[in-house]
Amino acid sequence: MTKTTEPIKNREDVERLKDFYRVVEPNPRNYALIVVGVNSALRVSDLLALRWKHVYDFENGAIREHVEVKERKTGKQKMLALNENARDALAMLYRKSNRPGKNSWVFRGDDRWGNRPLSRSQAFRIVTYAAGRLSLGEHISCHSLRKTFGYHAWKMGVSPILLMAIYNHSSYEVTKRYLGIGQDEKDEVYRTINL
């Protein structure tokens with residue numbers, strides 16, 4: 001059986017994962033990484049490439065409402081709105097980072113290696129460590145953050161076609177796999193449609 005990254009389907013588990021680095025083992029960078037990850041649907045490579053000039057309006061002294069990202073994988077430009085949870089997590093990180101400069105990395109790596117962003121492997125360890133400590137399952141990784149966004153948007157009634165556009169997927173089949181729709185979700189439809 002192949003190992004497939006899964007979305008976090010239980011809303012309480014999403015909250016527990018977000019709170020791990022806010023409450024259990026406080027770390028503003030790791031907390032913001034998870035919060036922005038589940039609220040933006042960005043790939044981890046695009047999250048790690050963010051600099052403060054992308055998310056912070058230095059003229060007005062506030063986190064931006066919209067972020068423009070050039071996706072590394074597709075090369076496409078993407079504009080996304082930062083919701084309140086993402087903006088709050090970034091604002092806390094900005095304050096705790098002693099007001100970093102425009103070109104500083106939002107998700108900065110270990111200072112021993114110079115001014116670098118977190119590596120993908122570091123980000124992976126951050127997410128899987130928290131997921132493991134919370135017993136969320138073995139198939140939770142950085143990509144789960146992206147999939148979790150889509151799963152919960154779909155559960156709230158967002159059209160899979162709109163999610164396909166948000167993800168910049170080339171096919172509906174890819175988006176369907178992302179949503180992680182399984183037998184439980186199909187059963188829920190049968191039980192709900194009680195004609």
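Please state which one of Arg72, Arg99 is at pLDDT below 95, over 18 Å from the mean Cα position of the chain (by Cα) and either outside any helix (DSSP H, G or I) or not charged (D, E, K, R) (or both). Break it down stepwise before answering.
Details: Arg72 fails: over 18 Å from the mean Cα position of the chain (by Cα).
From the options Arg72, Arg99, the qualifying one is Arg99.
Could you please let me know if Val38 is in contact with a Ser or Thr (Cβ under 6 Å, 6 or more places away or on another chain) and part of a helix (DSSP H, G or I)?
On the way: in contact with a Ser or Thr (Cβ under 6 Å, 6 or more places away or on another chain): yes; part of a helix (DSSP H, G or I): yes.
The answer is yes for Val38.
Could you tell me how many of the residues in the stretch 133-154 are under 17 Å from the mean Cα position of the chain (by Cα), touching a residue at least 60 places away in the same chain (Cβ under 8 Å) and over 24 Å from Arg72 (Cβ atoms)?
Within the stretch 133-154, residues that are under 17 Å from the mean Cα position of the chain (by Cα), touching a residue at least 60 places away in the same chain (Cβ under 8 Å) and over 24 Å from Arg72 (Cβ atoms) number 2.
Does the stretch 78-92 contain at least one residue that is over 27 Å from Arg133 (Cβ atoms) and of a type in the set (Gly, Ala, Ser)?
yes
Can you tell me which residue is nearest to Ala86 (Cα to Cα) among those in the stretch 41-69 that are part of a helix (DSSP H, G or I) and within 9 Å of the chain's Cα centre (by Cα)?
So, considering only residues that are part of a helix (DSSP H, G or I) and within 9 Å of the chain's Cα centre (by Cα), the one nearest to Ala86 (Cα to Cα) is Leu47.
(1) over 25 Å from Asn27 (Cα atoms); (2) assigned to a helix (DSSP H, G or I); (3) under 18 Å from the mean Cα position of the chain (by Cα): which one isn't true of His169, the others all being true?
With respect to (1) over 25 Å from Asn27 (Cα atoms); (2) assigned to a helix (DSSP H, G or I); (3) under 18 Å from the mean Cα position of the chain (by Cα), His169 is out only on (2).
Please state which one of Ser144, Ser159 is farther than 17 Å from Lys18 by Cα and of a type in the set (S, T, N, Q).
The match here is Ser159.
Could you say which residue among Lys147, Lys102 is of a type in the set (D, E, K, R) and surrounded by fewer than 16 Cβ atoms within 10 Å (Cβ to Cβ)? Talk me through it step by step, then tell me what you get.
Numbers: Lys147 fails: surrounded by fewer than 16 Cβ atoms within 10 Å (Cβ to Cβ).
Being of a type in the set (D, E, K, R) and surrounded by fewer than 16 Cβ atoms within 10 Å (Cβ to Cβ) holds for just one of Lys147, Lys102, which is Lys102.
Hey, among the residues in the stretch 162-195 that are aliphatic (A, V, I, L, M) and under 19 Å from Ala81 (Cβ atoms), which one's surrounded by the most Cβ atoms within 10 Å (Cβ to Cβ)?
In this case the residue turns out to be Leu163.
Is there any pair linking a residue in the stretch 8-28 that is buried (at least 17 other Cβ atoms within 10 Å of the Cβ) to one that is part of a loop (DSSP other than H, G, I, E, B) and not small (Gly, Ala, Ser), with Cβ under 6 Å and at least six apart or on different chains, and which?
Asp13/Leu136; Val14/Ile8; Arg16/Leu134; Tyr21/Asn27
The values are calculated or read from the model by the stated rules, or taken from the named source; none is laboratory data. Fair warning: this is a prediction, and the values are worked out from it, not measured in the lab. With ideal geometry, Cβ positions are generated from the backbone for all residues, glycine too; neighbour counts draw on all protein chains shown.
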